Amino acid sequence: MAKLTRAKYAMNKYFCTIRVKGMTVRTVVFAQSTTHARLMIEYVFGLNSVVGQPVLAEATSPATPEQQRLATLRATKERAAVALEAERKRQQAARAQKAMAAAGQPVKPATPSMQ
């Protein structure tokens, strides 16, 4: 029976932003160093596919619940601002179309009042 031995070289987890078919994607690669991570990504996805240098996963700390809540509220605020602007433009276009339709109608002659 084969005896399991500990790996001689430790593999680290690296995050890296790459460009694939015009889209920017964040991926994970396991390598011994930053250079090895970049080389492996370039081998798989092609030269010049690495947008940002690989970053060690332990170097990036996860956001705290308070930071996540603030980020969510900020994103909600931005979506609401975009929706408000879109609604204003829609209403403005509707008013303009209504005015154009009214301008295109023939003017009715004034009828003399019967007294």
| request: Working only within the range 39-67, note down all residues that are surrounded by 10 or more Cβ atoms within 10 Å (Cβ to Cβ), touching a residue at least 24 places away in the same chain (Cβ under 8 Å) and out of contact with any Asp or Glu (no Cβ under 9 Å at 6 or more places or on another chain). | output: 41, 45, 51, 52, 53, 54, 55, 56, 57
| message | Given the condition of a type in the set (Asp, Glu), part of a helix (DSSP H, G or I) and farther than 25 Å from residue 22 by Cα, answer yes or no: does some residue in the range 56-67 qualify? | response | yes
| request: Could you please find all residues in the range 24-38 being over 26 Å from the mean Cα position of the chain (by Cα), surrounded by 13 or more Cβ atoms within 10 Å (Cβ to Cβ) and without any contact (Cβ under 8 Å) to a residue 12 or more places away in the chain? | output: 36
| task | Can you work out which of the residues in the range 9-22 that are more than 13 Å from residue 58 (Cβ to Cβ) and at pLDDT 90 or above is farthest from the chain's Cα centre (by Cα)? | result | 16
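One line per residue, one yes/no per condition, for (1) basic (Lys, Arg); (2) modelled with pLDDT of 90 or more:
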| residue | (1), (2) |
| --- | --- |
| 63 | no, no |
| 69 | yes, yes |
| 87 | no, yes |
| 98 | yes, yes |
| 109 | no, no |
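The values are calculated or read from the model by the stated rules, or taken from the named source; none is laboratory data. Small disclaimer: the values here were computed from a predicted structure and weren't measured. Because the Cβ atoms are built from the backbone with ideal geometry, glycine has one as well, and the counts that use them run over all protein chains shown.
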